[in-house]
Amino acid sequence: MKQFLTIIAALLLTSIGTWAQDEAMAVLTHNGTTKTFSGRQALINAYTEAANGDLITLSSGQFESVAKIEKAITIRGAGLGNDAVYHTQPTVIYNNMTLAIPNETSGHFQMEGIYHANWIYYANNLKDAKFVRCRLSSISAGQYEITGGEKKWGTCQNLQFFHCKIAGVLVCNSYSTMSLVNCYVESPYTYGNTTSNMSFRNCVIKAVYKNFSAMGKSDFAYGYYSGNTSIAIWSCYLTNCIVYKADSNTSRWNDNTVFTNCLLPSNWAPNVDRNTYQNYSSVSAIFQTYTGTYAETETFALKDDAAAAYLGNDGKQVGMYGGVIPYSPRLAGPHIKSLKVSDHSTADGKLNVRVLIESTQD
């Protein structure tokens, strides 16, 4: 079912005036009032005026990132990719973003329906942040200054990912916790051994060697870490997941890691005394189109026979299309479907903006 709501900013023109093409726009919602911003810096401008608890809704289009977010806000886009059913295009955010919400702040940061093209860092001790139906590049700890100018690496508590694609790396720093549900993730890394924890449920995980220096992140050389990462899932819990091992450098897990009803490559063999899993021969044998190489259009859907044969502890298929809510990139709830800005201002100098906000439910 689709519901439509039209918001008119400034003056609505129904029969006069011409309308320009759609352009990137942000709508800031604060205490029941709305304010619109347009252009590539619309998100930055909306954030400047936002307060804790506010919602910034972005249209499809390209936006410059806020460099440092220190407010507990929600950023909601039109979706992580092209949607042929509802005729929407992705909301794309460029440049790095650091999440540095102060610990004393009530509420949490949330991002929904966004394609983020660069790095996202967590600083301070980020708590309860959530990403929903987003395509993300890489997430890791960021450095921040404390009293006296000393720099520390950030930590996070209960950082959540729901129906996301993470195409770069995901680093869980010492004394940090993360949970991922119905997600695709490349090269997850728990840096803190027994002091960091990642929980995966109904995920597809690509265990692949990554070189941070080659990614322009040589500052991520954690001493012996030397700027490189292969998968290191230590002290983690994987339930109803599929793991793909992409190279010979990706075989690191410790005895504190628990695999429950997972599907693993034939050359992976965790201790059977505390793990339940099955092995598969090749990715082409189980996936419809996934060959081991990430593509933006990849669905990660299983072949029918694999979906029927490999079941999780809930009796549903392993991977992203099992669990309570099978994977879907489509954003539920309101999002900006279209924006048109008039070519001409009114007699009193106002610019006419027509915004169509669509709420979709499957």
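The values are calculated or read from the model by the stated rules, or taken from the named source; none is laboratory data. On a predicted model such as this, the values are computed, not experimentally measured, just so you know. Cβ placement follows ideal geometry from the backbone for every residue including glycine, while neighbour counts extend to all protein chains displayed. Heavy atoms of the whole protein, side chains included, go into the accessibility calculation; ligands, DNA and RNA do not. Shrake-Rupley method; radii C 1.70, N 1.55, O 1.52, S 1.80 Å.
Take the residues in the range 61-73 that are open to solvent by less than 30 Å² (accessible area, probe 1.4 Å) and farther than 12 Å from residue 123 by Cβ; name whichever of them is modelled with the lowest pLDDT. Among residues in the range 61-73 that are open to solvent by less than 30 Å² (accessible area, probe 1.4 Å) and farther than 12 Å from residue 123 by Cβ, the one modelled with the lowest pLDDT is 61. Within the range 42-81, track down each residue that is of a type in the set (Lys, Arg) and closer than 16 Å to residue 27 by Cβ. Hit for the range 42-81 is 76, nothing else. Taking first residues from the range 97-113 that are without any contact (Cβ under 8 Å) to a residue 60 or more places away in the chain and open to solvent by 40 Å² or more (accessible area, probe 1.4 Å) and partners that are in a strand (DSSP E or B) and charged (D, E, K, R), the Cβ contacts under 8 Å between residues at least 6 apart in sequence or on separate chains come to 103/127; 108/127; 108/130. Restricting attention to the range 189-205, the residues being modelled with pLDDT of 85 or more and more than 16 Å from residue 263 (Cβ to Cβ) number 3. Collect the residues in the range 112-137 that are within 9 Å of the chain's Cα centre (by Cα) and polar (S, T, N, Q), keeping them in residue-number order. 137, the sole residue that qualifies. If the condition is being of a type in the set (Lys, Arg) and surrounded by fewer than 20 Cβ atoms within 10 Å (Cβ to Cβ), then the range 141-183 contributes 151, 152.
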